[in-house]
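Since the structure comes first, as structure tokens, the remarks are kept for the end.
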Amino acid sequence: MDEPEIDALAQGTRVIRNRRKLNAIVSNAARMVELEAEHGSFKQYLTDSGPFKGQVKALKSDFKFLGAFETYYFLHVVGEAVPDHDDWRASVGR
């Protein structure tokens with residue numbers, strides 16, 4: 001996406017209108033494509049990053065606007081091994 005397209009989205013009422021988040025979506029998509037090329041697949045990138053803590057560290061360093069919960073949830077949804085939710089929440093002070 002180019003700047004005019006992001007500007008148009010930022011004015012819309014059906015999507016996130018935070019320009020920094022919109023830019024992060026574009027940047028994150030490009031980074032995902034780069035990581036797929038480097039590792040052969042995004043799944044392999046996650047595998048190469050190690051178990052849960054390594055994956056969290058890699059994701060948070062490679063992608064923008066990923067907090068603790070978003071990272072945990074993403075890994076859970078894509079089928080990666082994650083700690084029990086209550087145990088994880090306690091470990092991050094929630």
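Table for the structure above
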item	result
Pairs where the first residue, in the range 66-94, is over 20 Å from residue 43 (Cα atoms) and the second is assigned to a helix (DSSP H, G or I), C-beta under 7 Å, 6+ apart	88/72; 92/68
Among the residues listed as 23, 28, the single one being assigned to a helix (DSSP H, G or I), more than 22 Å from residue 79 (Cα to Cα), in contact with a helix residue (DSSP H, G or I) (Cβ under 9 Å, 6 or more places away or on another chain) and without any contact (Cβ under 8 Å) to a residue 60 or more places away in the chain	23
Restricting the range 1-20 to residues that are exposed (fewer than 13 other Cβ atoms within 10 Å of the Cβ) and either among the hydroxyl-bearing types (Ser, Thr, Tyr) or in contact (Cβ under 8 Å) with a residue 24 or more places away in the chain (or both), the residue that is farthest from residue 74 (Cα to Cα)	13
Hits in the range 41-65 (condition: touching a residue at least 12 places away in the same chain (Cβ under 8 Å) and either within 10 Å of the chain's Cα centre (by Cα) or surrounded by 14 or more Cβ atoms within 10 Å (Cβ to Cβ) (or both))	45, 46, 52, 55, 56, 58, 59, 62, 63, 64, 65
Residue under evaluation residue 10, criteria (1) in contact with a Lys or Arg (Cβ under 7 Å, 6 or more places away or on another chain); (2) farther than 27 Å from residue 93 by Cα; (3) at pLDDT 95 or above, criterion not met	(3)
Where residue 59 falls short, out of the listed (1) assigned to a helix (DSSP H, G or I); (2) farther than 24 Å from residue 93 by Cβ; (3) of a type outside the set (Lys, Arg)	(2)
Members of the range 1-29 found to be farther than 15 Å from residue 64 by Cβ and either touching a Leu at 6+ places or on another chain (Cβ under 6 Å) or aliphatic (A, V, I, L, M) (or both), listed by number	8, 9, 10, 15
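Let's see how each residue does on (1) modelled with pLDDT under 95; (2) acidic (Asp, Glu); (3) more than 23 Å from residue 1 (Cβ to Cβ):
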{"position": "33", "(1), (2), (3)": "no, no, no"}
{"position": "48", "(1), (2), (3)": "no, yes, yes"}
{"position": "57", "(1), (2), (3)": "no, no, yes"}
{"position": "63", "(1), (2), (3)": "no, no, no"}
{"position": "82", "(1), (2), (3)": "no, no, yes"}
{"position": "86", "(1), (2), (3)": "yes, yes, yes"}
{"position": "89", "(1), (2), (3)": "yes, no, yes"}
{"position": "92", "(1), (2), (3)": "yes, no, yes"}
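The values are calculated or read from the model by the stated rules, or taken from the named source; none is laboratory data. The structure presented is a predicted model; accordingly, all values stated were derived computationally and were not measured. Heads up, the Cβs are rebuilt from the backbone with ideal geometry, glycines too, and the neighbour counts pull from every protein chain shown.
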